[in-house]
Amino acid sequence: MRVQNWTQIDKAALESFWSLSFAANCESEGRGFWKPQGTGIFNGAYRPVSLDSCQDRLALPKSIKASELKALIRARLRLLLEIDSFRGAPMSPEEFMARAIGIGREGLHEKHARPFAAVLVKEGQIVGEGRSQQNALNDPTAHGEIVAIRDACRRLGTTDLSGCELYTTCEPCLMCASAIWWAKISKMYYAHTQEDCEQIGFSTKGLVDEVTRPLGSRKLPAKRICAAEANMLFREWAASPHFKP
């Protein structure tokens with residue numbers, strides 16, 4: 001189906017599109033929502049549901065703004081339908097965040113999956129995406145923001161992401177905050193907070209407590225050795241013609 005203009009989509013059609021767009025994810029996760037009457041996403045017909053019902057099924061707060069709900073729908077439509085009016089049209093911050101949330105949802109049916117995901121945007125275009133893959137990659141640093149930063153650096157051919165905006169499903173941990181600082185990312189949008197994580201039993205408070213202590217007072221044993229040799233290395237680096245702090 002092709003829609004020529006977003007304003008042509010009335011509420012009834014919007015509800016049907018919403019059902020259609022989330023049907024595949026819900027079916028793959030075995031939750032049994034929006035059972036198809038045929039085979040395939042576009043060959044079968046899905047039972048229409050109300051926007052209120054969508055909010056309930058997706059555990060969205062009733063306080064969600066209409067603009068945010070619309071952004072979520074539009075972002076999902078971008079992935080499933082070819083809509084002429086969207087080609088080249090600028091996306092809003094809510095739509096970029098909806099994309100990040102969608103990426104986070106994609107892998108939730110996998111073992112040890114986590115919903116942390118991020119999108120990097122430069123000049124209105126997505127230049128990097130990523131979701132938490134610590135277990136899949138056997139890499140404890142593969143947080144959603146880190147994976148997205150690596151993707152953007154690879155695509156753009158640089159480690160300087162000045163001018164980029166980060167959209168992350170959750171307030172970054174200290175490691176990711178450091179990566180954001182080193183990458184020189186210009187602005188960040190986030191959805192959940194660290195306090196939200198703690199409410200479901202996922203906390204980084206121990207990390208914060210550890211890092212904010214003096215080095216000698218941390219739980220990780222640390223001993224300084226070979227300082228003179230390391231100092232020579234630093235001097236050699238500083239004297240190098242390629243030196244760049």
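Structure notes:
- Per-region count, segment 206-230, residues in a loop (DSSP other than H, G, I, E, B), more than 26 Å from residue 173 (Cβ to Cβ) and among the aliphatic types (A, V, I, L, M): 1
- Out of 236, 198, one residue alone is of a type in the set (Asp, Glu) and under 30 Å from residue 96 (Cα atoms). It is 198.
- Pairs, first over 18 Å from residue 101 (Cβ atoms) and among the acidic types (Asp, Glu) in segment 117-143, second modelled with pLDDT of 95 or more and surrounded by fewer than 18 Cβ atoms within 10 Å (Cβ to Cβ), C-beta under 8 Å, six or more apart: 123/163
- Every listed requirement among (1) modelled with pLDDT under 90; (2) open to solvent by 30 Å² or more (accessible area, probe 1.4 Å) is met by residue 229 save one, (1).
- Filter result (touching a Cys at 6+ places or on another chain (Cβ under 7 Å) and farther than 22 Å from residue 173 by Cα) within segment 92-126: 122
- So residue 233, is it part of a loop (DSSP other than H, G, I, E, B) and out of contact with any Ser or Thr (no Cβ under 9 Å at 6 or more places or on another chain): no
- Count of segment 168-191 residues which are more than 22 Å from residue 140 (Cα to Cα) and out of contact with any strand residue (DSSP E or B) (no Cβ under 8 Å at 6 or more places or on another chain): 1
The values are calculated or read from the model by the stated rules, or taken from the named source; none is laboratory data. Quantities reported herein were computed from a predicted structural model and do not represent experimental measurements. Please note: Cβ atoms are built from the backbone with ideal geometry, for glycine as well, and neighbour counts cover all protein chains shown. To get the accessible areas, we keep the full protein, side chains included, count just its heavy atoms, and leave off ligands, DNA and RNA. Shrake-Rupley method; radii C 1.70, N 1.55, O 1.52, S 1.80 Å.
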